[in-house]
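The values are calculated or read from the model by the stated rules, or taken from the named source; none is laboratory data. Worth saying up front: this structure is predicted, and the values here are computed from it rather than measured. Here the Cβ positions follow ideal geometry from the backbone for every residue, glycine too, while neighbour counts run over all protein chains shown. These area figures cover heavy atoms from the full protein model, side chains too; ligands, DNA and RNA do not enter into them. Shrake-Rupley method; radii C 1.70, N 1.55, O 1.52, S 1.80 Å.
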Amino acid sequence: MGSKRLVIAIVAVASVMVLAGCTPFAAASRLPASRSHDSGPARGRKIPRGPRAVLSGPITGGKGVDLLSSAIDLAATKYTQNEYFASGTASSFTSVGAQGTDGRWEVAPKDQATYRTRIIVRRPSDPKLFNGTVLVEWLNVSAGADTAPDFTYAGPEITRSGYAWVGVSVQKVGVSGGTGIVQVGTPTGGLVGDDPVRYGSLHHPGDQYALDMYTQIGRALRKPGHGSLDALGGLHPKQMIAVGESQSAFQLTTYIDAIQPTTHLFDGFFVHSRGGGAVPIGGGSTSSSLTGGIRIRTDNDVPVLLFETETDEAGLHYFVARQPDNRHLRLWDVAGASHADSWVLGGNAGLLPCGGLINTAPTHFVVSAALAQLNRWVRTGDAPPAAPRMDVALVNGAPVVQRDARGNAIGGVRTAANDVPVAALSGVPFPGSSVLCSLFGSTKPFDAATLTQLYKNQATYDAKFARATSRTIARGYELQADRTAIIAEGKAKI
């Protein structure tokens with residue numbers, strides 16, 4: 001990887017890691033009994049007809065698939081990966097009435113433009129291993145290049161449980177190039193500029209068309225139209241879940257409030273690390289998504305799981321958009337977590353100069369559990385467990401996470417790393433951090449004297465950590481399938 005691409009990889013919250021230690025296609029991850037039965041299964045909902053993208057390909061030639069995400073060992077996971085063109089004529093939208101904080105937005109079609117983008121499909125090689133759910137990830141472009149942070153976080157769960165995953169290049173910067181909102185260095189050339197041999201035919205008319213492009217591609221995945229190939233290779237999806245992290249979560253907030261009420265396309269949404277606002281209907285500045293207190297509309301009719309970290313609550317002002325759980329909404333507020341962390345950087349974590357050790361919380365295990373819980377909710381109507389809110393207070397008008405005497409957050413979804421701590425895990429960066437480093441939080445290890453005071457010896461720590469892990473799994477916030485990995489990762493020398 002060249003130096004420019006390495007910088008992008010670090011900025012983009014992407015890792016170069018192999019999913020080692022994952023048992024491919026283990027039996028469905030065991031989940032505890034649901035606390036409630038809040039909504040019926042998504043199957044049986046009538047999905048209105050509408051324009052579908054034409055899918056063609058597969059795409060070949062050039063340098064190969066261009067995506068910064070977890071590297072997967074296809075042979076070990078029994079998955080295939082293919083890339084396809086997606087073409088059509090998309091609409092932009094205009095608001096009908098005010099865009100209020102309640103999220104009950106109404107829109108109407110405005111202009112039309114042609115597009116040609118790409119999708120990446122990762123699916124089980126053996127159709128018998130497909131679990132019936134397609135995850136459609138709105139690829140993140142914050143670094144000026146397409147990245148797949150949710151596949152990076154949840155890849156082990158996705159591959160062992162047999163999901164099909166589709167990454168969609170739905171924003172202009174990823175396709176045609178430009179400057180990402182947290183990018184370091186010169187503007188990128190996007191797919192077209194980086195590999196014109198492979199991607200030279202792509203064309204993106206602008207982000208004001210992204211919402212409809214996403215819809216049209218989703219429709220084509222559910223049921224290919226005339227002249228369109230079946231990108232899922234004969235798999236028959238029973239559920240389709242939209243997923244997106246960071247800037248992509250801001251976009252999904254807008255999608256849920258403005259587009260889903262008329263398309264009814266998706267059976268559920270995983271909204272990971274959104275800010276306090278939503279992207280404007282006209283495709284305006286993403287920075288406006290950090291404020292405004294925009295909520296998920298309460299008349300939404302499919303499950304939505306919001307996954308928020310300390311950074312999101314305070315730094316990105318999600319706190320001002322907090323709302324109670326309802327029949328179709330759950331908020332998981334994850335203590336100790338940051339917007340990005342060492343997991344997504346893999347072996348490159350030490351290359352990010354942030355003034356100290358960036359966040360090392362085991363957030364990826366909680367993401368996997370959240371995805372499994374959401375999938376069950378969509379399939380069966382069994383809602384995920386409700387989660388305690390993180391303790392956040394307004395201090396001089398700004399949200400601040402409240403902490404215990406050792407610097408760890410109070411409340412929220414908790415893991416053994418929170419309740420049997422060996423460090424202060426925080427979404428707050430080190431003083432003087434850059435905008436980029438502000439997303440990666442911090443880890444401040446306890447000194448030897450503190451560790452001895454807390455645990456006395458190694459055996460005591462190990463036993464406490466194991467018991468705390470069992471409690472977290474029983475509550476539904478981590479998966480039994482990950483227990484061995486959780487214990488190994490949490491191993492600390494006392």
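At a glance:
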{"item": "Residue satisfying condition, being of a type in the set (D, E, K, R) and either over 15 Å from Y214 (Cβ atoms) or in contact with a Lys or Arg (Cβ under 9 Å, 6 or more places away or on another chain) (or both), within set E137, E106", "result": "E106"}
{"item": "Subset tally (residues that are of a type outside the set (D, E, K, R), in a strand (DSSP E or B) and closer than 11 Å to A335 by Cα) for segment 393-416", "result": "4"}
{"item": "Any hit, segment 189-202, residues being open to solvent by less than 20 Å² (accessible area, probe 1.4 Å), acidic (D, E) and in contact with a strand residue (DSSP E or B) (Cβ under 6 Å, 6 or more places away or on another chain)", "result": "no"}
{"item": "Unique residue being on the phi > 0 side of the Ramachandran plot and modelled with pLDDT of 95 or more when the list is G355, G346, G381", "result": "G381"}
{"item": "Whichever residue in segment 67-110 is in contact with a Phe, Trp or Tyr (Cβ under 8 Å, 6 or more places away or on another chain), open to solvent by 40 Å² or more (accessible area, probe 1.4 Å) and assigned to a strand (DSSP E or B) and, among such residues, is farthest from Q260 (Cα to Cα)", "result": "T89"}
{"item": "Cβ pairs under 8 Å, 6+ apart, first in segment 389-405 and more than 15 Å from G441 (Cβ to Cβ), second among the acidic types (D, E)", "result": "R389/D333; V392/E313; P399/E313; Q402/D391"}
{"item": "Residues being surrounded by 24 or more Cβ atoms within 10 Å (Cβ to Cβ) and without any contact (Cβ under 8 Å) to a residue 40 or more places away in the chain - total across segment 309-328", "result": "0"}
{"item": "Condition check for N457: polar (S, T, N, Q), open to solvent by 60 Å² or more (accessible area, probe 1.4 Å), more than 22 Å from the chain's Cα centre (by Cα) and over 24 Å from A372 (Cβ atoms)", "result": "yes"}
{"item": "Residue in segment 462-473 that is touching a Leu at 6+ places or on another chain (Cβ under 8 Å), touching a residue at least 12 places away in the same chain (Cβ under 8 Å), within 24 Å of D333 (Cβ to Cβ) and not in a helix (DSSP H, G or I) present", "result": "no"}
{"item": "Residues within segment 332-353 that are of a type outside the set (G, A, S) and surrounded by fewer than 22 Cβ atoms within 10 Å (Cβ to Cβ), tallied", "result": "4"}
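Yes or no, residue by residue, for (1) among the β-branched types (V, I, T); (2) free of Cβ contacts under 8 Å to residues at least 24 places away in the same chain; (3) over 16 Å from E245 (Cβ atoms); (4) in a helix (DSSP H, G or I):
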residue	(1), (2), (3), (4)
E137	no, no, no, no
Y153	no, no, no, yes
E157	no, no, no, yes
R160	no, no, yes, yes
W165	no, no, no, no
G193	no, yes, yes, yes
Q208	no, no, yes, yes
